[in-house]
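These notes are about the structure you will find just below.
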Amino acid sequence: MSPYIKLSIAALLPVAASILFYMLEKRTEFGKRSFMFRQIIIGLAFGIIAIVGTEWGIAVDGAMVNCRDAAPLCAGLLFGGPAGMIAGVIGGVERWIAVAWGVGSFTRVACSASTVLAGVYAAIIRRYLFEGKRPGWLLALASGVVIEVFHLTMVFITNTDQAIRAAQVVKICSVPMVTANGLSVLFATVALTLLSGDKLVTTQGKPRISKTIQTWMIVDVAITFIAASLFLFFIQTQVSQGTSTELLSLELDDITSDITDASNDNLLRLTHRVADRVKTGESLYDLAYEYGVADICVIDKDGIITDSNNSAYLGFDMGSGEQSAEFLVLLDGETEEYVQGYGPISFSSTISRKFAGVDYNDGILQVGYNASQFQKDIANRISLAAVNRHVGENGFVLIADAYRKIVSSPRSITAATLDELGIDLSEQPEDSVFSVALDGAQYESMFRKSEGYYILSMMPVEEVFRTRDLLTYLYVFIEILIFSLLFMIIYLLIKTTVVKEIQSVNRSLDKITAGDLDEVVNVRSSEEFDSLSDDINSTVDTLKKYIAEAEARIDAELKFAKSIQHSALPSVFPKRGEIDLYAQMDTAKEVGGDFYDFYFTENSKLNFMIADVSGKGIPAAMFMMRAKTQLKGLSETGIPLNEVFTQGNSSLCEGNDAEMFVTAWEGAIDLQTGHVQFVNAGHNPPLVMHDGRFEYLKKPAGFVLGGMDGIRYKLFELDMAPGDVIYLYTDGITEAENIKEELYGEERLITFLNSNSFAGMEALCDAVKENVDLFAGEAPQFDDMTMLALKYNGPAI
């Protein structure tokens with residue numbers, strides 16, 4: 001199996017395991033086991049995956065490109081701190097002992113320590129940074145990258161004595177390891193996010209302040225990191241290029257100096273020998289031929305050539321040209337010998353020579369080489385000049401003659417000419433850096449012409465930028481770790497000193513807005529929150545004051561409204577022998593929607609009624625006054641009661657935008673006969689006592705008043721004998737509740753009435769109210785309670 005396929009599988013194993021354990025926790029009995037049991041099982045499983053990540057790694061120069069750290073990271077970040085630490089220890093210990101069966105030892109300490117710390121790191125940030133929850137996909141990816149950067153930084157830290165090798169290992173391992181481990185953690189997090197039904201990117205609603213701070217901190221850190229890294233890379237590139245240029249130039253200076261020194265030494269020795277022989281009177285022509293030199297000249301004390309093997313030079317004034325005048329220092333006594341470099345001569349710029357001169361009989365003896373003689377003279381020295389020279393660690397020197405034939409080079413260079421190497425110097429200026437490709441490798445090069453030779457110094461580009469790459473990697477890794485640490489510290493500080501305090505303030509505000517005005521905001525961690533707490537508390541105190549004033553004003557107004565409402569109800573009961581009549585109303589609020597009424601339409605005919613308006617409070621009271629006025633006004637016209645309700649219903653339906661309605665029961669009794677006519681519009685059935693027992697008068701009730709226009713009502717009749725009682729009430733009596741939410745009910749009402757005797761109708765009403773209150777106990781009154789009781793005593797005598 002290909003190593004890269006193994007590495008890919010190792011990267012996918014934490015993803016698959018994460019999905020598996022998520023499903024087990026959500027859909028099987030495994031999720032019901034204790035937390036520590038699940039953490040141990042998950043930690044062991046991911047520990048085995050970490051071992052697979054090591055064993056299926058790719059060996060590189062004593063190191064191992066692997067996907068081991070993803071296992072403890074996934075366990076710790078996605079399932080819990082203990083699982084991550086267990087997996088990290090298993091993976092780290094196995095990596096330590098894996099050296100015994102061939103896993104690289106160079107990064108043993110770095111890899112083992114980093115894997116253990118990966119589990120600890122995951123446990124810490126899950127608890128303190130993510131509050132025990134699964135991280136988002138972006139932070140999961142960042143966590144994977146950070147731990148791999150720490151891993152690679154440890155390679156540097158644990159191998160400072162082999163920094164170059166460590167840099168090479170990091171350069172090879174960084175991209176595949178950061179990618180494999182980062183994507184493994186990312187894919188595992190994305191998979192669980194999708195399985196849980198959460199969204200990868202939340203776009204609805206306003207983000208939490210902690211999320212906003214977190215996002216912008218990541219953006220700021222990323223921008224700062226990229227800018228700083230690029231700046232460092234640029235500076236280090238310039239420094240590396242400057243250093244390489246200096247090395248190349250120094251090497252050229254060194255070898256040029258060697259060649260020049262060798263040439264000068266040879267020519268001076270030859271000049272001294274020629275001078276000795278000239279003194280013996282030997283011919284200059286013969287000596288030039290014998291020694292293979294181009295020119296031999298004798299110059300007098302005035303600087304004039306007096307003798308030469310080249311007759312054209314005779315009589316030439318050495319002081320007439322810049323090149324020739326340099327030898328006049330020998331006449332001044334400043335030195336006894338002088339050598340020039342190879343170049344054009346003052347006599348004719350078309351002629352190039354290398355001259356040496358020595359003091360001779362108060363004058364000068366001068367010997368000169370032409371190009372071929374000069375190069376032949378130093379050929380042996382040149383051929384060895386570049387063999388053992390190094391520029392930096394792996395750079396070298398090439399020397400070629402005027403025809404670009406390589407005359408000196410390292411043994412690794414087999415080409416005969418510069419052209420064969422693909423080096424063209426025709427358009428390259430001397431002492432300037434240019435690039436050359438040799439055997440698939442790039443070199444930075446510089447050349448110089450000296451003594452008729454081309455001297456090239458060359459240095460591999462990889463070596464030129466090795467220091468830059470080493471420092472950049474180290475700086476970037478340390479920068480990532482520092483920025484990550486600062487991010488976590490700043491985020492946690494903001495979260496604990498700002499976000500949590502804001503949340504505390506919000507909790508108090510929630511209670512206040514829910515109506516608990518006694519809640520006190522007491523966040524005092526800083527001067528700002530202290531001031532905010534005081535301002536909120538002061539605002540609430542002021543609000544309480546205004547509310548109290550408003551309540552007092554409303555109470556006063558409601559009491560006035562209540563007195564008006566009660567004054568609208570008859571409170572003086574008829575003192576006639578034919579009847580005993582009493583009514584009372586107890587409202588649930590200051591004003592209510594119940595009402596009763598009674599009035600004589602004729603001397604011996606009494607109308608009496610009770611009604612209950614839907615709702616409570618002021619709206620019900622206003623609708624009640626409207627209904628009472630209209631019904632009484634219609635009744636007093638003398639029309640039948642069923643027509644009173646029919647016309648009253650139509651009137652109440654008009655303009656009833658609030659859609660209120662009223663239930664009503666109205667009767668008219670003839671005091672001479674005891675004959676009663678009555679109409680019921682959706683009201684509770686009255687109780688009638690006949691022969692000493694109460695019974696419900698259950699006749700079909702019509703529709704409520706104000707509920708629907710066009711309704712017609714039916715008129716019913718009842719004959720009352722002397723001693724009979726009719727008791728009217730609203731649902732506030734029968735629907736009264738106790739603290740157990742039990743209703744008083746119609747059965748309890750009739751039982752109470754039949755179980756007791758009453759001195760009069762007032763006593764009856766008071767007794768019912770007292771019994772209802774006893775039943776309700778501490779439960780509040782939710783509805784108006786209204787009653788009307790009428791006893792027929794018989795006709796007047």
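The values are calculated or read from the model by the stated rules, or taken from the named source; none is laboratory data. In this text, all values refer to a predicted model and were calculated from it rather than measured experimentally. Reconstructed Cβ throughout: ideal geometry from the backbone, glycine too, with neighbour counts over all protein chains shown. SASA here: full protein model, heavy atoms, side chains in, ligands and nucleic acids out. Shrake-Rupley method; radii C 1.70, N 1.55, O 1.52, S 1.80 Å.
Within segment 518-525, is even one residue touching a residue at least 12 places away in the same chain (Cβ under 8 Å), closer than 30 Å to Leu139 by Cα and not in a helix (DSSP H, G or I)?
yes
Check whether at least one residue in segment 415-428 is more than 30 Å from Ala228 (Cβ to Cβ), open to solvent by less than 40 Å² (accessible area, probe 1.4 Å) and without any contact (Cβ under 8 Å) to a residue 12 or more places away in the chain, and report yes or no.
Checked against the condition, which is being more than 30 Å from Ala228 (Cβ to Cβ), open to solvent by less than 40 Å² (accessible area, probe 1.4 Å) and without any contact (Cβ under 8 Å) to a residue 12 or more places away in the chain, segment 415-428 yields at least one hit.
Which is open to solvent by 40 Å² or more (accessible area, probe 1.4 Å) and part of a helix (DSSP H, G or I), of Val109, Val185?
Among Val109, Val185, only Val109 is open to solvent by 40 Å² or more (accessible area, probe 1.4 Å) and part of a helix (DSSP H, G or I).
Only one of (1) closer than 23 Å to Ala627 by Cα; (2) more than 60 Å from the chain's Cα centre (by Cα); (3) not hydroxyl-bearing (Ser, Thr, Tyr) fails for Gly732. Which number is that?
The one condition Gly732 does not meet is (2).
Report, by residue number, each residue of segment 324-370 that is among the small types (Gly, Ala, Ser) and closer than 19 Å to Tyr285 by Cα.
Within segment 324-370, Ala356, Gly357, Gly368 meet the criteria.
In segment 598-617, what count of residues is obtained for those that are within 14 Å of Ile669 (Cα to Cα) and either surrounded by fewer than 20 Cβ atoms within 10 Å (Cβ to Cβ) or of a type outside the set (A, V, I, L, M) (or both)?
10
Just to check your reading of the model, which residue among Ile41, Ile51 is farther than 30 Å from Ile172 by Cα and of a type in the set (A, V, I, L, M)?
Exactly one of Ile41, Ile51 is farther than 30 Å from Ile172 by Cα and of a type in the set (A, V, I, L, M), namely Ile41.
Got at least one residue in segment 59-78 being open to solvent by 60 Å² or more (accessible area, probe 1.4 Å), assigned to a helix (DSSP H, G or I), under 20 Å from His151 (Cα atoms) and modelled with pLDDT under 95?
So far as segment 59-78 goes, no, none of its residues is open to solvent by 60 Å² or more (accessible area, probe 1.4 Å), assigned to a helix (DSSP H, G or I), under 20 Å from His151 (Cα atoms) and modelled with pLDDT under 95.
Testing Val367 on (1) outside any helix (DSSP H, G or I); (2) closer than 20 Å to Asp300 by Cβ; (3) open to solvent by 30 Å² or more (accessible area, probe 1.4 Å), one condition comes back false. Which one is that?
(3)
Touching a strand residue (DSSP E or B) at 6+ places or on another chain (Cβ under 6 Å), surrounded by fewer than 17 Cβ atoms within 10 Å (Cβ to Cβ) and at negative phi, is that true of Ser383?
Yes: the conditions hold for Ser383.
Show the residue pairs that are 6+ apart or on different chains and have beta-carbon atoms under 7 Å apart, the first residue being within segment 638-650 and touching a residue at least 40 places away in the same chain (Cβ under 8 Å), the second being of a type in the set (Ser, Thr, Tyr).
From residues that are touching a residue at least 40 places away in the same chain (Cβ under 8 Å), the pairs are Asn642/Tyr713; Phe645/Tyr713; Thr646/Tyr713.
Within segment 334-344, can one find any residue that is open to solvent by 10 Å² or more (accessible area, probe 1.4 Å), assigned to a strand (DSSP E or B), more than 17 Å from Gly452 (Cβ to Cβ) and in contact with a Ser or Thr (Cβ under 6 Å, 6 or more places away or on another chain)?
no
Out of the residues in segment 1-26 that are part of a helix (DSSP H, G or I) and at pLDDT below 90, which is nearest to Arg134 (Cα to Cα)?
Looking at residues that are part of a helix (DSSP H, G or I) and at pLDDT below 90, I get Ala10.
Would you say Gln647 is within 24 Å of Asp580 (Cα to Cα), in contact with a helix residue (DSSP H, G or I) (Cβ under 8 Å, 6 or more places away or on another chain), at pLDDT 90 or above and of a type outside the set (A, V, I, L, M)?
Judged against the criteria, Gln647 is not a match.
Using beta carbons and a limit of 8 Å, which pairs, at least six apart or on different chains, have the first residue in segment 527-547 and within 16 Å of Thr513 (Cβ to Cβ) and assigned to a helix (DSSP H, G or I) and the second one modelled with pLDDT under 90 and among the acidic types (Asp, Glu)?
Matching pairs, first to second residue: Val540/Glu519.
Output the qualifying pairs, or none if there are none: Cβ atoms under 8 angstrom, residues six or more apart or on different chains, first residue in segment 286-304 and assigned to a loop (DSSP other than H, G, I, E, B), second residue open to solvent by less than 20 Å² (accessible area, probe 1.4 Å) and of a type in the set (Gly, Ala, Ser).
From residues that are assigned to a loop (DSSP other than H, G, I, E, B), the pairs are Val293/Gly368; Ala294/Ala288; Ala294/Gly368; Asp300/Gly363; Lys301/Gly363.
Could you tell me whether Phe678 is at pLDDT 95 or above and at negative phi?
Yes, satisfied.
Quick check on my filter: what residues within segment 449-461 are surrounded by fewer than 22 Cβ atoms within 10 Å (Cβ to Cβ) and modelled with pLDDT of 85 or more?
Within segment 449-461, Lys449, Pro460, Val461 qualify.
Taking the stated definitions as given, is Val274 buried (at least 20 other Cβ atoms within 10 Å of the Cβ) and outside any helix (DSSP H, G or I)?
Judged against the criteria, Val274 is not a match.
Does Arg693 fit the bill of being touching a residue at least 12 places away in the same chain (Cβ under 8 Å) and either touching a Lys or Arg at 6+ places or on another chain (Cβ under 9 Å) or within 27 Å of Val662 (Cβ to Cβ) (or both)?
No, not satisfied.
Tell me, yes or no, whether segment 495-514 has at least one residue that is open to solvent by 50 Å² or more (accessible area, probe 1.4 Å), more than 19 Å from Phe130 (Cα to Cα) and touching a helix residue (DSSP H, G or I) at 6+ places or on another chain (Cβ under 9 Å).
Yes.
Could you list, in sequence order, all residues of segment 594-652 that are of a type in the set (Asp, Glu), touching a strand residue (DSSP E or B) at 6+ places or on another chain (Cβ under 8 Å) and either within 26 Å of Glu735 (Cα to Cα) or in a helix (DSSP H, G or I) (or both)?
Asp594, Asp597, Asp612
Of the conditions (1) without any contact (Cβ under 8 Å) to a residue 40 or more places away in the chain; (2) open to solvent by less than 40 Å² (accessible area, probe 1.4 Å); (3) in contact with a helix residue (DSSP H, G or I) (Cβ under 7 Å, 6 or more places away or on another chain), Phe487 satisfies every one except a single condition; which number is it?
Against the list (1) without any contact (Cβ under 8 Å) to a residue 40 or more places away in the chain; (2) open to solvent by less than 40 Å² (accessible area, probe 1.4 Å); (3) in contact with a helix residue (DSSP H, G or I) (Cβ under 7 Å, 6 or more places away or on another chain), Phe487 comes up short only on (1).
For segment 160-183, state whether one or more residues are aliphatic (A, V, I, L, M) and over 18 Å from Phe477 (Cα atoms).
Checked segment 160-183: at least one residue is aliphatic (A, V, I, L, M) and over 18 Å from Phe477 (Cα atoms).
Give, as residue ranges, the helices (runs of 4 or more DSSP H) completely inside segment 681-797 that count at least 2 residues that are open to solvent by 80 Å² or more (accessible area, probe 1.4 Å).
By residue number, 745-755, 761-776.
Which one of Ser435, Ser426, Ser450 is more than 19 Å from Phe396 (Cβ to Cβ), of a type in the set (S, T, N, Q) and out of contact with any His (no Cβ under 9 Å at 6 or more places or on another chain)?
Ser426
Are any of the residues in segment 193-202 open to solvent by less than 40 Å² (accessible area, probe 1.4 Å), assigned to a helix (DSSP H, G or I), at negative phi and out of contact with any Lys or Arg (no Cβ under 7 Å at 6 or more places or on another chain)?
yes
Based on what the data block shows, is Arg127 part of a loop (DSSP other than H, G, I, E, B) and either within 24 Å of Ile97 (Cα to Cα) or not hydroxyl-bearing (Ser, Thr, Tyr) (or both)?
no
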